[in-house]
Amino acid sequence: MTKNERMKEQILRTSGVNPLKCMRCGKCSGTCPSYDEMEYHPHQFVYMVETGDIEPLLASKSLYKCLSCFACVDRCPRSVEPAKLVEALRLMVIRQQGANHFKADDIPALVDEEIPQQLLVSALRKYSK
Amino acid sequence: MQRIGVFVCWCGSNIAGTVDVEAVSEALKKEPGVVFSTNYQYMCSQAGQDIIKNAIAEHKLSGIVVCSCSPRMHETTFRKTAAAAGLNPYMVEIANIREQCSWVHKDKLTGTEKAIILGRTAIAKVNLNAPLTPGESPVTKRALVIGGGIAGIQTALDIADAGFEVDIVEKQPTIGGKMAQLDKTFPTLDCAACILTPKMVDVAQHEKIRIFSYSEVESVSGFVGNFTVNIKKKARYVKEDVCTGCGLCTEKCPQKNVPNEFNLGMDNRRAIYIPFAQAVPKVATIDPRYCTMLKTGKCGVCSKVCTAGAIDYKAKDEYIEEKYGAIVVATGYNPISMEKFDEFAYSQSKDVITSLEFERLTNAAGPTAGVLLRPSDHKHPKTIVFVQCVGSRCSGAEKGKEYCSKICCMYTAKHAMLTRDKYPDTDVYVFYIDVRTPGKAFDEFYRRAVEEYGVHYIKGMVGKVSPQGDKLMVQASDLLANKQLHIEADLVVLAAAIEPDASARPLATMLTASMDTNDFFTEAHPKLRPVESPTAGVFLSGTCQGPKDIPETVSQAGAAAAKVIGLLAKDKLTGNPCVAHSNELMCNGCSSCERVCPYGAITYEDKEFRMPDRTTRMRRVAKVNEAVCQGCGACTVACPSGAMDLKGFASAQIMAEVDAICK
Amino acid sequence: MQALTREVLLDRAKALFADGTVDRAYGWKRGEFDYDVTPGLFRSVEEMEKEFVFDDFCGANFSKYLVEETRKGEGKILVFLKPCDTYSFNQLLTEHRFDREKVYAVGIPCEGMADVTKLKAEAAEGIRSITAEKEGFVVHTLYDGDKTVPRTEGLSERCLVCKSKKHVAYDELLGEDGEVADSARFDEVARLEAMNADERFAFWQRELSRCIRCNACRDVCPACTCETCVFNNPNSGVESKAPVTSFEEQMFHIIRAFHVAGRCTDCGECSRVCPQHIPLHLLNRKFIKDINAFYGEYQAGAEVGSRAPLVNYTTADLEPGEAVQRGNEHA
Amino acid sequence: MQVTEYKPKIVAFCCNWCSYAGADLAGNNRLAYPAEVKIIRVPCSCRVNPMFILRAFQRGADGVIICGCHPGDCHYTSGNYYTRRRMALLFSMLNYLGIEKERTRVEWVSAAEGAKFAATMNDFVQTVAALGENKRLEDLRCKL
């Protein structure tokens, strides 16, 4: 098993996503609010994981542009759930770094009426192991 | 003791690949009753059948076991072979060593072992087989067609033209179905009404056809050749034979605000109405949900203006019972509800419409007299976005339908093309996942839309539609350009998936016809018997069986008609001899069997029995009507004494099979 | 003590013979011992005067005998029916097993019948007779004098959990009619259900392995009136007459219970007559309990013509898998 | 004595119209399931007499499964509804007698459910194999 295959295997296991279900309609990318900020778009995440092209994704800032709004998960006609792939990839990065950048205990200090709660949840998804 | 011949088929390598056929035929030679055993490459071939015939003659076989493919495939074939060699066809048993052995097991030893057991089981059964002779039942030479759309119309016309009587039951006040609502038809672009309405008139005028419009099937009993159907003629409060269809009532009725279902609610009709100008039968119908007279007893305008005196506020539902030899299901389809697809803002904006609504907007008889105007402000839309596969090809039932609705690619191309043709200043975008155009002149048609009419086909899906002011902001992906598009549209048209009509499910239950998970009727064989239901005497026409376009529907309608004609042309049907049979000596007359019989095939009579002491005694015993019995066997288990048994599937036979398997 | 005496019944029978209503009668007949009562067919008043008895040992249910007897002769048969017997009577009518016109049914109240085995066990040997007195059953013995057993201890199990003192069929009623009782008859079934599978298996092995295959349970059962019983039919695949194997533990009683499922009125005759004291009624009651739980309360024989649960269905019935789970919930 | 891997004997009663066709479809699609499963074709699941099931156990079967059309889809309208009641009561009774409840099963398999047929059989064989041999209902004389 090559390194990419191993990583793919791990991503599929942690995310529970089966990219083979994708019919390449692009609705995830059509629906994504961060689309223009991203180097790789939701449908590309799915396709690149499927082909085992994981390393460019891990290195891309696109991972952190995803707002975890889950619109792509909600609207995907095939129940592929691209955002879960994004989360798994982020988790992989954090695990490779071996550090937990954000813990649940940190949240109460950050709660502020101005900050949407979803942002905190999203941050937790992005930066914690 | 039987003299049994065993014939093991290789089915090329299909069986021989996983089963040692030589070993099987050798092993089965030793089974009780077996006097001959052989194997051959293709038992179903002429040469294979000749081996069987010769063996029957040469070894005076009284029963045969063919170890081959499923009995559902070739049982009939081998029964005919046996009959041709003078052996009763019901002395044939099949051991299914292909579908249920060689194809599901990989290891040859395992496969061979199992094949021997399956062969042994069939031998055990055939040892107890008895020759059977099928009974006969008469055929009622009249067909019922359920549904009066193009499928039902075509089937009815074809059957009637062959000289048989046909009744059409249509739940709407008029026949015509969905096709009557369409504007043009792809790929020739002829007007739907121009080709449909003459057929509707033909139906109305055909002396062999009766139309029960505004009617529904209430119950079905009986069996192939002998169905009894109860039809409910809903009260339309207008005497059908008196109404001239002048339409005066529909103009004078004061109740003006009834959503017009023919135009999908995009305009209004009156409480008394004729769905459209070419309706057949062209008679008015009062909608009791809206009629003031029916609701409050005050009004009566229609009755006053009707010079023919056709209005009858006291009308009641009528029930008609009729006998039929065959039933054709042609219940059609509906677009699915768009409620679950919030992202397309269907329920938020009037300017997000389905393709069927678009048909009405472009139809000369539609709410805008054929001028393409936005439903919200009646302005010409300048930018139109078509979204394909809405609710089709989804995973899981909660999202939509798993299947491809088949017709959307083509009608969307048609809509896009016609829009560009009539209004060249309009920008037309079509978002597609794949464009599927298998069909005669279909791809050419789609290419014309792109190349000649300049429709923008974009590979990608719309993610979101949000109404902003009088515009619709369409956010979509362009997969080939790897861009996200934001289009300011005036009209969004959704190619909604199609689903079987809701009436199909209860109808299937009444007909005991099977359905798939999507509520499409199942065909008897997906390839070889596509217009027959597995239930004998029930045939399928049109989209009730699966998504299809008009040409396919018409050809299936004709095929169903041909099957019906083939059935009705017979004077008698040979029945299934595998029917229940009661041993009078053991029968208690307890009525348990009668209670579980779904066909009412069991009756009782008092019969005189001679007792061992030479006295006679009257006893109540069960009698099976063999023409009515379908051979399910429910009675055999309900019978406490075991007097009831099933020919061909006798308790002793099944227990012999059990023993052979467990040996 | 029964509410009615032998004399009340006998007087009524005499009158019915006298006015020609009936020409024979089913009643309880004196046996070798006074507690050893057998069912008997009486053809005259004289026979009845001599041998007819009615006391606390008259458990036998005559319904089944009517199947054969009504086919003989033209006259009517008098039959005495205790409340529980009337259910069997109706069930047989539902199954068209005899001609109602040939029977004159007299309903009689029942205060419960004695379990002779239980009473005999009270005194080891030398039993002269057993009588029912106000204070309970009195066992008269040769060596130890009289021994009194409280009534509740001497009654049959089926009477202790009596399901109904109401007659559901009769031409005339002697004495008072009672009510359908709120019975605890399923408690024992529930106790078994609460065991684990191994314990249940052990229990039933212990019980059923004692079966000597005398067929008394079948022969007495008012639901077993088949023209040819499957166990006697060489073509049924389950024919067997003698207790040669494990067939009794494994097959016979299950098949028998299933055959009468939905038709068994829970009259308890099978257990009463079993010489090995196998609690056969616990098989039938399991079916009744399950039927009540799965498909709604159903009492076989409560009304003539009712549709038995096994020849009926609803589209919403529970699945067999769930049934096994539910059947284990000893509610 | 030779030690062989224990393979349960499974008798599967399949109704002709749905489940037998479903089994054929599993074959058409080459969906593997253990060879221990042997199918007996019956016109309808309601043809299956409880006596057949007991017979199978008596003769040494380790598991018996009955497959029929889904409720409401019976080719004979109501056959499988009777099956459902009969088997519900029979299985509950067998369980009451201490027979392992996992040895009996009813499953509705349509003609279109080849995959379900194979999956059901795989699961059932596994379940029964885990229980080991049927000792409680087998009549050893039948082995002679």
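Quick notes on this one:
- Listed residue (C:Tyr65, B:Ser213, B:Thr76) projecting farthest to the positive dipole end of the protein assembly as shown, Cβ model: B:Thr76
- Under the shape rule built on the C-alpha gyration tensor, where the axes satisfy a ≥ b ≥ c, chain B is oblate, since a/c reaches at least 1.5 while a/b does not exceed b/c.
- Sequence-ordered 3J(HN,Hα) estimates for region B:362-373 from the Karplus curve with 6.51, -1.76 and 1.60 and θ = phi - 60° stand at 9, 8, 4, 9, x, x, 10, 6, x, 8, 6, 10 Hz, glycine and proline given as x.
- Low-density loop positions, GluC sites (Glu not before Pro), region A:1-44 - DSSP coil, at most 16 other Cβ in 10 Å: A:Glu39
- Once exposed loop GluC sites (Glu not before Pro) are cut out (DSSP; at most 14 other Cβ, 10 Å), longest piece of chain B: B:453-663
- Electrostatic tally near D:Thr83: other residues with Cβ closer than 13 Å to its Cβ, Lys and Arg +1, Asp and Glu -1, net +1.
- Span from the region B:551-579 Cα centroid across to the region C:1-44 one, whole angstrom: 69 Å
- B:Ala502/B:Leu248 FRET efficiency (R0 41 Å; Cβ-Cβ; nearest 0.05): 0.75
- When only the Cβ of Lys, Arg, Asp and Glu is charged (+1, +1, -1, -1), the dipole of the protein assembly as shown relative to its Cα centre reaches about 2240 debye.
- For B:Pro275, the shell of other residues with beta-carbons less than 9 Å away shows a net charge of 0, using +1 for Lys and Arg and -1 for Asp and Glu.
- Whether chain A is rounded, prolate or oblate, judged on the alpha carbon gyration tensor where a/c under 1.5 counts as rounded: oblate
- Here the Karplus relation 6.51 cos²θ - 1.76 cosθ + 1.60, evaluated at θ = phi - 60°, turns the backbone of region B:652-657 into coupling constants of 4, 5, 5, 5, 5, 5 Hz, with x for every Gly and Pro.
- Entries in C:Lys64/C:Lys147; B:Lys623/C:Lys163; B:Lys234/B:Lys256; B:Lys623/C:Lys14; B:Lys401/D:Lys9 that, when Cα-Cα distance is taken, lie over 31 Å: C:Lys64/C:Lys147; B:Lys623/C:Lys163; B:Lys623/C:Lys14; B:Lys401/D:Lys9
- Overall form of region B:336-499 per C-alpha gyration tensor (a/c, 1.5; a/b vs b/c): rounded
- Over 18 Å (Cα to Cα) - which of A:Lys84/B:Lys464; A:Lys65/B:Lys471; B:Lys233/B:Lys282 fall in this group: A:Lys84/B:Lys464; A:Lys65/B:Lys471
Read-outs throughout are calculated quantities, based only on the coordinates presented, and are distinct from any laboratory measurement. All figures in this text were calculated on a predicted structure; none of them were measured in a lab. Every residue, glycine among them, receives a Cβ derived from its backbone with ideal geometry; neighbour counts consider all protein chains shown.
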